[in-house]
Structure formats: structure tokens, C-alpha cells
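The values are calculated or read from the model by the stated rules, or taken from the named source; none is laboratory data. Keep in mind that what you see is a predicted model, and the values were worked out from it rather than measured. Note: ideal-geometry Cβ built from the backbone for every residue, glycine included; neighbour counts use all protein chains shown. All accessible areas refer to the heavy atoms of the entire protein, side chains included, with ligands and DNA or RNA removed. Shrake-Rupley method; radii C 1.70, N 1.55, O 1.52, S 1.80 Å.
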Amino acid sequence: MLPIVFLQALYGTSIPISKFLLSLCPPFFLTGVRMVVAGIVLLFYKLFIDKEKFVFEKKHLWLYAQIILFGIYFKYLLRYWALSLLPAAKLSFMLNTTPFIAALFSFVWFGEKLTKKQWVGLWIGFLGLMPLLLLRTPKEALMGQLFFISWPEVAVFVAIACHTYGMVVARTLIRDHKSSAAGINGVRMLGGGILALFTAFFWEGFFPITDVGTFSIWLLGLVFISNIVCHSWYLRLL
């Protein structure tokens, strides 16, 4: 339990840092450059420093394509677009809905079931989130809404679903095919980052950063805390 608590505490620091970085560049570009840097670092470590062999087989290509698209590309494009319009605290609380979708995917994919106490805990968390969904920032209100949920909030929920599905596929690679967590992270981040940079080029222009020095320092901190430490730790726990 304690490793999970420490992991979530580290994850929590990444959202305010990401919010600050979004004041220096647009969301798609931030996704791309963050993931490309992290992917290169992780793959360099895996290929040239870590002695554990990294197995990448062609028959697993479809699984890797899924974790690149859903675990990185769609997840972070949607999350960072939403974060550019939502307060960091609101996004953090909304991420607490992840266990609902994770429970659904785990039941369908692995046949795992929750106990009654676990279901009670999930519903208490969900009901506690409802008042937060009724609050609107001016930017958020301008985007319109679907029923009583704003479009940025919808984007967050879709991003959570993409994240959860990506984790389910990554778990299959780790448990069933004995792939390494660092290797999986490096491949999915580099692949998703390249796709995001292509998207950013067409939607946001080339190199749209307002303060390169400040951006670089905070980006490296975010990559180390979230991409290298938290993502690898998360997959190892998974």
C-alpha cells in the first residue's frame, strides 16, 4: 500500500508542473516534446546501461501500437488540452474516476471482480466528485457542454479511458510476454511523442515556446518525476 501512496504523491506533482508548462507552449507540442525526450532517455538506458535484455517481437507489434495510440497519444493530447482550460486541482480530482474504468476493463479482460467493500469505496469517491463537475471556469464555460458535463471534462474522461486501456495492454505485455517495464515505456513514449509532434506541427506551428530556458528546466523535471520514475514504477507495480 505505501508504494502506491508514494507513487500517487509523485504523480500529483506532475499536474501543477504541466499546468505551468502549458503557459509557455500549447498542449499538443508539450505532449510531443515531453514524450520524445522521455522515450529517448528510457530507451538509451535500456539498450546501453541496463543489462536486462529488452525483447521486441514483431508478433507483439499490434499490442505496442495500441499502447502508443491509447496509452500516450490520445491520452495526453486530450488531457493537456483539457488542462489548458481547467484548474490543475479539478483535473487531479477527476483522475480519481480511473478506478471505475480500470475495474470495468479488468473484469472484461482478466475476469477480475471487486469485493463489496471495494465497490462501496468506489461509489463514495464518485459521489464526492459530483459537486466538482458543477463548477465552471470562464474558459471552460465558453467551450460548451454535453448534458451537464463540459467538453474539457468529457476530454478528461476519454483520456482516463485511453489510459486505462493502455495499462491493460501493457499488463498483457509484461505478464504474458515478459516484456520489461522500462522498454515498454520507452517505446510507447517515443512513438506517441513523434505522433504528437506531427500533430502539433499542423495545428500549432513550429516550436511555439515563449521562454525556452524556463521551459527546458521545468520540462526536464517533469520528465524525470513523471515519465522516468512514476511511469516505470507504475508498470512494475502493475
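Here residue 158 sits with roughly 70 square angstrom of accessible surface, probe radius 1.4 Å. What region 1-101 shows is 50 Å² of accessible area per residue, with the surface traced by a 1.4 Å probe over protein heavy atoms. If you add up the charges near residue 65, with Lys and Arg at +1 and Asp and Glu at -1, over every other residue whose beta carbon is less than 13 angstrom from its beta carbon, what do you get? Here the charged neighbours net out to +3. Sparse packing (at most 10 other Cβ atoms within 10 Å of the Cβ) combined with a DSSP loop state is found for the following trypsin sites (Lys or Arg not before Pro) in region 146-212: 178. Here's how it looks for residue 179: its modeled amide H is under 5 Å from those of 174, which are all 5 or more places away or on a different chain. Residue pairs exceeding 21 angstrom between C-alpha atoms, taken from 113/178; 90/117; 58/178; 19/75: 113/178; 90/117.
The 3J(HN,Hα) values that the Karplus relation (6.51, -1.76, 1.60; θ = phi - 60°) gives for region 33-40 are, in residue order, 5, 4, 6, 5, 4, 5, x, 5 Hz. Gly and Pro appear as x. Can you give the net charge of the other residues whose Cβ lies under 14 Å from the Cβ of residue 196, counting K and R as +1 and D and E as -1? Summing Lys and Arg as +1 and Asp and Glu as -1 gives +3.
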